[in-house]
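Nothing in this text is a laboratory measurement; each read-out follows from the coordinates by a stated rule. Given the structure is predicted, the values throughout are model-derived calculations rather than measurements. We place every Cβ from the backbone using ideal geometry, glycine too, and count neighbours over all the protein chains shown.
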Amino acid sequence: MSLLYSTQLPEGWEAAEFSLPTPTGKELSLKDFIDKKGTLIIFTCNHCPYAQAAWPTLIELDEKFKENINFVAINPNDDTVYPEDSLEGMKDAIKDLGIPFPYLRDEEQEIAKAYDAQCTPDIYLFKTEKKKLKLYYHGRINDNWQDSENVTEKNLEIAIESLLAGEDPPDNQPLSMGCSIKWK
């Protein structure tokens, strides 16, 4: 496991277009996620311990904010090296974890590269502006990935609340950290 941190991207950076399949073969594109005040795109996977630890929090946040924020997860990992990140593994994760939002497969890894994704999870919160998604927050979920009971900074939740309140993006955007994306 190689620990990496997300890169910094400029506020207002526009989300890159994509069209990716779910594990059941349904194609979803960026335009499917511009109907709410914001969209959270998470580059993640099934095998990484950082990503595994993030799933429960992301599912809770989706439940709390799903009326106003779209959630979508994208798995870009090379499944020939990590078979648990295959479409079958994604189907199992959806079922076992009860993932309620779309979980897409970036088989060619082009979308992860377009977003400059580095690690799993890599978190991108976009604000919807004139049918475009503009980067609002790119950082970690919270300050304690290993122990949700001892979180003192809920960075992502605070960012979502700020976006919904019409506030400026938070100044505090600590980089996300996790396993490196497994490039082909």
Open item on the list: On a straight-distance basis, which lysines could pair with LYS31 in a cross-link, Cα separation under 24 angstrom, same-chain partners fewer than 8 positions away excluded?
Closed with: LYS64, LYS66, LYS91, LYS113, LYS127, LYS130, LYS131, LYS132, LYS134
Open item on the list: If Rh is defined by the Kirkwood formula over all Cα pairs and Rg also comes from Cα, what ratio Rg/Rh do you get for the range 3-180?
Closed with: 0.92
Task: Residues GLU149 and GLU67, FRET efficiency given R0 of 30 Å [Cβ-Cβ distance, rounded to 0.05] - done: 0.65
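If we count GluC sites (Glu not before Pro) as exposed when they sit in a DSSP loop and have at most 14 other beta carbons within 10 Å, what is the longest stretch of the chain that avoids them all?
Excluding the exposed sites themselves, the longest stretch runs over 18-66.
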Task: Of all DSSP beta bridges in the chain, antiparallel share, percent nearest 5 - done: 70
- [ ] With a point put 7 Å past each Cα toward its Cβ, work out how far ASP171 is from LYS113 in nm, to one decimal.
- [x] 3.8
Open item on the list: Between GLU161 and LYS36, what is 0.36 nm times their sequence separation minus the Cα-Cα distance? Round to one decimal in nm.
Closed with: 43.6 nm
Task: Amide H within-cut-off set for GLY38, under 5 Å, with H built and near neighbours excluded - done: ASN70, THR128
Task: Loop sites in the range 67-160: trypsin sites (Lys or Arg not before Pro), DSSP, at most 11 other Cβ within 10 Å - done: LYS130, LYS131
Task: Cysteines (scope the chain) whose Cβ has no counterpart Cys Cβ under 4.7 Å - done: CYS45, CYS119
Task: Mean residue ellipticity (222 nm) of the chain, computed from DSSP H runs ≥ 4 via -39,500 (n - 2.57), nearest 500 - done: -7000 deg cm²/dmol
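For the range 87-184, run through the chymotrypsin sites (Phe, Trp or Tyr not before Pro) and keep only the ones in DSSP coil with at most 13 other Cβ atoms within 10 Å of their Cβ.
TRP183
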